[in-house]
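Engineer: Can you keep this structure in mind? I'll have questions shortly.
The values are calculated or read from the model by the stated rules, or taken from the named source; none is laboratory data. Note that the structure is predicted; figures quoted are calculated from it, not measured. Here the Cβ positions follow ideal geometry from the backbone for every residue, glycine too, while neighbour counts run over all protein chains shown.
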Amino acid sequence: MMVGVLAVQGDFEAHRRMLDELGVETREVRRVSDLENLDGVVLPGGESTTQLQFLKDEGLGDALRAFVERGGAVFGTCAGAILLAREVLNPVQESLGLLDITVLRNGYGRQLESEVRFGHCSLKTAPLEMVFIRAPIIERCGRDVEVLAEEGGRPVLVRQGRVLAATFHPELTDDSTVHNYFLDLVQERVRAA
């Protein structure tokens, strides 16, 4: 199993460390050729407009869409969730449109309003630790989108097929629950291939 991590901007190293601790081989993704032979891709937090421009400039946006169409698993956190969303508001911006959700950028406030919260998650019985940093709010989920975790009555972890998105940063905690779940989606793709 090989998982790529978009290594443009944001704390992509934290995702690589988490995956390394779980015994998964990783590769930094900066070009279309970096997607070759990958089973999964992580789109980390950071600045979604900067990442989107990079994806466009490098042709990675279309390549990621094709990767998902071929059954590849993708996991986006915070800005990565914004990139995956079908519709982005506050302000309106383009996205990859791979996940039938509407997100509101910086919905939880600015950097100073960043905080750690604990919420219900269907992946474990204990509350899940969630680090919110200028996080988006999921305003709408399509009918094929499964809500896996909520906080404050809002979805914060969702899945549609092999596309997973979190509005928080699970890579900044010691809890590997969400990454393990993503690896299950990757494993589904490996078995199907």
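Engineer: Only one of (1) in a strand (DSSP E or B); (2) crowded, with 20+ Cβ neighbours inside 10 Å; (3) not hydroxyl-bearing (Ser, Thr, Tyr) fails for Ala135. Which number is that?
Structural biologist: In the conditions (1) in a strand (DSSP E or B); (2) crowded, with 20+ Cβ neighbours inside 10 Å; (3) not hydroxyl-bearing (Ser, Thr, Tyr), Ala135 misses (1) alone.
Engineer: Here's something else I'd like to know. Check segment 58-81 and report whether any residue there is buried (at least 18 other Cβ atoms within 10 Å of the Cβ) and charged (D, E, K, R).
Structural biologist: no
Engineer: In segment 66-81, is there at least one residue being within 17 Å of Ser176 (Cα to Cα), of a type in the set (A, V, I, L, M) and part of a helix (DSSP H, G or I)?
Structural biologist: No, there is no match, as no residue in segment 66-81 is within 17 Å of Ser176 (Cα to Cα), of a type in the set (A, V, I, L, M) and part of a helix (DSSP H, G or I).
Engineer: Further question on the same structure: Working carefully through the options Val186, Val147, Val156, Val163, find the one that is under 30 Å from Arg70 (Cβ atoms), surrounded by fewer than 18 Cβ atoms within 10 Å (Cβ to Cβ) and under 15 Å from the mean Cα position of the chain (by Cα).
Structural biologist: Val147
Engineer: Return the residues of segment 27-65 that are part of a loop (DSSP other than H, G, I, E, B) and either without any contact (Cβ under 8 Å) to a residue 40 or more places away in the chain or among the small types (Gly, Ala, Ser) (or both); say none if nothing qualifies.
Structural biologist: Once the filter is applied, which keeps residues that are part of a loop (DSSP other than H, G, I, E, B) and either without any contact (Cβ under 8 Å) to a residue 40 or more places away in the chain or among the small types (Gly, Ala, Ser) (or both), segment 27-65 yields Arg30, Arg31, Glu36, Asn37, Leu38, Gly45, Gly46, Glu47, Gly59.
Engineer: Please enumerate the residues belonging to segment 142-167 that are part of a loop (DSSP other than H, G, I, E, B) and modelled with pLDDT under 95. Reasoning before the result, please.
Structural biologist: So in segment 142-167, the residues part of a loop (DSSP other than H, G, I, E, B) come out as 142-145, 152-153, 161-162, 167.
Passing the criteria: Gly152, Gly153.
Engineer: Among the residues of segment 1-26, what is the count of those that are outside any loop (DSSP other than H, G, I, E, B), over 20 Å from Glu188 (Cβ atoms) and free of Cβ contacts under 8 Å to residues at least 60 places away in the same chain? Write out each step before concluding.
Structural biologist: If we filter segment 1-26 for residues that are outside any loop (DSSP other than H, G, I, E, B), which is where we start, we get 2-6, 12-21, 25-26.
Filter once more, keeping what is over 20 Å from Glu188 (Cβ atoms): 6, 12-14, 16-17, 20-21.
Retained after the next criterion (residues that are free of Cβ contacts under 8 Å to residues at least 60 places away in the same chain): 12-13, 16, 20.
Within segment 1-26, residues that are outside any loop (DSSP other than H, G, I, E, B), over 20 Å from Glu188 (Cβ atoms) and free of Cβ contacts under 8 Å to residues at least 60 places away in the same chain number 4.
Engineer: Against the conditions (1) more than 18 Å from Arg159 (Cβ to Cβ); (2) aliphatic (A, V, I, L, M); (3) touching a strand residue (DSSP E or B) at 6+ places or on another chain (Cβ under 9 Å), where does Val92 fall short? Just the number, please.
Structural biologist: If we test Val92 against (1) more than 18 Å from Arg159 (Cβ to Cβ); (2) aliphatic (A, V, I, L, M); (3) touching a strand residue (DSSP E or B) at 6+ places or on another chain (Cβ under 9 Å), just (3) comes out false.
Engineer: Same structure, new question: Just give me the residues in segment 46-59 being over 21 Å from Asp100 (Cβ atoms) and touching a strand residue (DSSP E or B) at 6+ places or on another chain (Cβ under 8 Å), in sequence order.
Structural biologist: Thr49
Engineer: For the list (1) touching a Ser or Thr at 6+ places or on another chain (Cβ under 8 Å); (2) β-branched (Val, Ile, Thr); (3) crowded, with 23+ Cβ neighbours inside 10 Å; (4) part of a strand (DSSP E or B), I need the number of the one condition that Ile101 fails.
Structural biologist: In the conditions (1) touching a Ser or Thr at 6+ places or on another chain (Cβ under 8 Å); (2) β-branched (Val, Ile, Thr); (3) crowded, with 23+ Cβ neighbours inside 10 Å; (4) part of a strand (DSSP E or B), Ile101 misses (1) alone.
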